[in-house]
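The values are calculated or read from the model by the stated rules, or taken from the named source; none is laboratory data. Nothing here was measured: the structure is a model prediction, and the numbers come from that model. Here the Cβ is made from the backbone with ideal geometry for all residues, glycine too, and neighbour counts use every protein chain on show.
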Amino acid sequence: MKKFLLLIALPLLVTVCAAAQDTTKNQPFNLHFQQTVITQFKPSFSAPYTGTNSLLPGGETQSSITTTLFGGARLWKGMEAYFNPELSGGSGLSKTLGIAGFPNGETFRVGTTEPKIYIARLYFTQNFEWGNDKEYVADEVNQLAGLKSKRYLKVTVGKFGMADFFDINEFSHDPRSQFMNWSLMDNAAWDYPANTRGYVLGAMAELGQPNWALRFAYTLTTTTANGSIWDQRISRPNTQTLEYERRYTLGSSEQKGTLRLLGYRNNGKMGSYRLALNQNPSAPDVDATQAYGRHKYGFGINADQYLTK
């Protein structure tokens with residue numbers, strides 16, 4: 001009952017606070033609210049075998065819910081703070097198993113079927129600006145409205161989601177309002193660092209210019225993949241992510257487009273498939289080969305292009 005009342009109270013709180021906001025160019029604070037409920041069904045089907053991690057052959061209906069309150073405040077010149085309490089619950093089909101590109105991209109935020117409240121994001125951003133070429137930034141989720149220079153250096157520290165800043169595609173990135181499939185949210189091969197809910201502790205720096213941006217993040221990892229416990233050995237288990245973003249216009253109609261090049265390196269206590277096969281070819285155990293010093297790296301490309309607007 002308390003959680004139901006909270007879901008009702010949050011949008012009312014946002015409405016009241018939004019009405020009280022100052023409408024000056026540099027917005028002092030903002031509040032936004034979002035709730036997404038996804039229900040999916042699959043009919044029964046025949047299967048020659050069913051394993052522990054298989055999609056179950058029986059008919060099934062599952063739902064997930066995510067509710068977030070997005071709060072932002074301007075602390076002093078160039079410094080902003082963002083705080084996002086979140087509630088999530090429910091489940092994906094077959095406990096989110098059996099499909100590589102899972103059809104519900106919101107279920108990676110759900111750790112248990114019982115709805116739970118937790119802190120999704122809490123981070124601080126310091127922006128250093130120079131030059132007279134400015135643009136107006138609108139009031140949005142985790143973004144305060146105001147005039148900002150197109151030339152800047154932004155430093156972010158705290159708890160956030162890697163997908164908040166990296167590998168963003170204007171048309172396919174957020175399962176809450178766009179395509180829901182996991183494979184369409186980001187580069188599918190990018191195993192970005194995150195806890196069970198999809199968030200990470202770390203720091204990021206972004207250098208911005210009128211037509212391009214370069215961003216780099218150094219973040220922690222959990223003791224197990226997508227686990228809830230952060231590995232305290234910061235110098236050994238960590239991740240580095242680098243992205244170059246180039247904005248351009250195409251054709252005589254000057255339709256906007258963006259190209260992003262992504263590179264990443266994950267370091268941590270990982271298993272080795274090669275070693276596991278050498279030790280026991282008939283029944284390899286990757287978990288038994290886990291050791292610090294292992295890494296995984298990769299690259300990705302991402303582009304979006306307007307055809308008409």
Subject >> region 249-265 - residue that is farther than 15 Å from Ile301 by Cβ and in a strand (DSSP E or B) and, of those, nearest to the chain's Cα centre (by Cα) >> reply: Arg265
Subject >> Filter result (assigned to a helix (DSSP H, G or I) and either out of contact with any Pro (no Cβ under 8 Å at 6 or more places or on another chain) or surrounded by fewer than 20 Cβ atoms within 10 Å (Cβ to Cβ) (or both)) within region 93-104 >> reply: Ser94, Lys95, Thr96
Original post:
Trp212 is checked against (1) free of Cβ contacts under 8 Å to residues at least 40 places away in the same chain; (2) of a type in the set (Phe, Trp, Tyr); (3) closer than 23 Å to Phe83 by Cα and fails just one. What number does that condition carry?
Top reply: (3)
**OP:** May I ask you to list the residues in region 252-271 that are out of contact with any Phe, Trp or Tyr (no Cβ under 8 Å at 6 or more places or on another chain) and surrounded by fewer than 15 Cβ atoms within 10 Å (Cβ to Cβ)?
**Re:** Ser252, Ser253, Glu254
Original post:
Considering region 73-92 alone, what residues qualify as being surrounded by fewer than 21 Cβ atoms within 10 Å (Cβ to Cβ), outside any strand (DSSP E or B) and modelled with pLDDT under 90?
Top reply: Ser91
Original post:
When you look at Gly146, is it out of contact with any Gly (no Cβ under 7 Å at 6 or more places or on another chain), crowded, with 16+ Cβ neighbours inside 10 Å and either at positive phi or modelled with pLDDT of 95 or more (or both), yes or no?
Top reply: yes
Original post:
If Gly268 passes every condition in (1) in a strand (DSSP E or B); (2) at pLDDT 90 or above; (3) within 30 Å of Gly158 (Cα to Cα) but one, which one does it miss?
Top reply: (2)
**OP:** Output the residues belonging to region 121-138 that are touching a Ser or Thr at 6+ places or on another chain (Cβ under 6 Å) and assigned to a strand (DSSP E or B).
**Re:** Tyr123, Thr125, Glu129, Lys134
Original post:
How many residues, within region 46-70, are part of a loop (DSSP other than H, G, I, E, B), small (Gly, Ala, Ser) and surrounded by 10 or more Cβ atoms within 10 Å (Cβ to Cβ)?
Top reply: 4
Original post:
Does region 199-210 hold any residues that are in a loop (DSSP other than H, G, I, E, B) and surrounded by 18 or more Cβ atoms within 10 Å (Cβ to Cβ), and which are they?
Top reply: Tyr199
Original post:
Between a first residue in region 122-151 that is over 20 Å from Asp164 (Cα atoms) and a second residue that is part of a strand (DSSP E or B) and among the acidic types (Asp, Glu), which pairs have beta carbons less than 6 Å apart while being 6 or more apart in sequence or on different chains?
Top reply: Ser149/Glu129
Subject >> Pair list, Cβ under 6 Å, 6 or more apart: region 86-102 residue touching a residue at least 60 places away in the same chain (Cβ under 8 Å) and small (Gly, Ala, Ser), other residue crowded, with 19+ Cβ neighbours inside 10 Å and part of a loop (DSSP other than H, G, I, E, B) >> reply: Ser88/Val110
**OP:** Please work out which one of (1) under 19 Å from the mean Cα position of the chain (by Cα); (2) of a type in the set (Ser, Thr, Tyr); (3) surrounded by fewer than 18 Cβ atoms within 10 Å (Cβ to Cβ) is the condition Thr308 fails and give its number.
**Re:** (1)
Original post:
Is there a residue being surrounded by fewer than 19 Cβ atoms within 10 Å (Cβ to Cβ), of a type in the set (Gly, Ala, Ser) and in contact with a helix residue (DSSP H, G or I) (Cβ under 7 Å, 6 or more places away or on another chain) anywhere in region 158-167?
Top reply: no
